[in-house]
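The values are calculated or read from the model by the stated rules, or taken from the named source; none is laboratory data. Everything quoted here is computed from the prediction, not taken from an experiment. Neighbour counts are summed over all protein chains in view; Cβ atoms, including those assigned to glycine, are modelled from backbone coordinates with ideal geometry.
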Amino acid sequence: MNEETDSLPYIPKSLGTVEVAKDSSTYHGELGQPINSEAAAIHELIKNCPPLDLNSIYAYLLLTQHFSETCVVARGEQGIDGFVSGYVPPNQPDVLFIWQVAVHSRARGQGLGRAMLNHLLQRPKLADIAHIETTIGPDNLASRGMFASLAREHNASLTEHAFFDCHLFGSSGHEEERLIRVKLPARHPDGRRVDNSEAAHASAAGTAS
């Protein structure tokens, strides 16, 4: 996945369970589900966010029509400031796969990319999501930083695996895409998520008893 995100430093793959503020975004626009009348504007946003892969307007029509519950649009005073596309893979109801993350140049530096991802995680219909997955090229430091930051924010673990080798892209010269997986903490019955380290401690305590 190519992403145009806020500029972030590279963050090591070993994340630990560092606490950060739950709401560090300074973006003041509206986040919500996209509608099909916004597909052309989303297409224009992606076109102006290199190196994102630009898909057809029809593709964005399908995303806004069929997958709006797993996509986010950020609406500002000057138009669409950001867009996240994602979906729940077949036979993996606890996985949210993130396809593209785009942030307009005028809205960068406000934590909008991560805010849109957190907005998705707060939707009731995605309450059963336990893992966030995406693919990232080895040199895409901004995307790596954003997902590492998201993992730290939720005290989640992050792992990286081989996924789409470069030969699968034919003669396009596309670099490999590696699978990034963020394992979210489990949920308490009250809806809040349990820190992964807390869950492991509770499991060990239960075994000991």
Query raised in the report: Residues in region 148-156: is at least one at pLDDT below 85 and touching a strand residue (DSSP E or B) at 6+ places or on another chain (Cβ under 9 Å)?
Result: no
Query raised in the report: With respect to Ser68, is the statement that it is at pLDDT 95 or above and exposed (fewer than 11 other Cβ atoms within 10 Å of the Cβ) true?
Result: no
**Report entry** Count - residues of region 40-55 that are free of Cβ contacts under 8 Å to residues at least 40 places away in the same chain and touching a helix residue (DSSP H, G or I) at 6+ places or on another chain (Cβ under 8 Å)
**Finding:** 4
Query raised in the report: For Pro89, which of the numbered conditions (1) out of contact with any helix residue (DSSP H, G or I) (no Cβ under 9 Å at 6 or more places or on another chain); (2) in a strand (DSSP E or B); (3) of a type outside the set (Phe, Trp, Tyr); (4) modelled with pLDDT of 95 or more fails to hold?
Result: (2)
Requested in this report: Return yes or no: is Gly109 at pLDDT below 95, in contact with a Phe, Trp or Tyr (Cβ under 7 Å, 6 or more places away or on another chain) and small (Gly, Ala, Ser)?
Outcome: no
Query raised in the report: Going by the structure shown, is Lys125 surrounded by fewer than 18 Cβ atoms within 10 Å (Cβ to Cβ), modelled with pLDDT of 90 or more and in contact with a His (Cβ under 7 Å, 6 or more places away or on another chain)?
Result: no
Query raised in the report: Looking at (1) more than 13 Å from the chain's Cα centre (by Cα); (2) farther than 18 Å from Ser143 by Cβ, which is the one condition that is false for Ala74?
Result: (2)
Query raised in the report: Do we have any residue at all in region 128-141 that's surrounded by fewer than 17 Cβ atoms within 10 Å (Cβ to Cβ), closer than 17 Å to Cys71 by Cα and either at pLDDT below 95 or more than 15 Å from the chain's Cα centre (by Cα) (or both)?
Result: yes
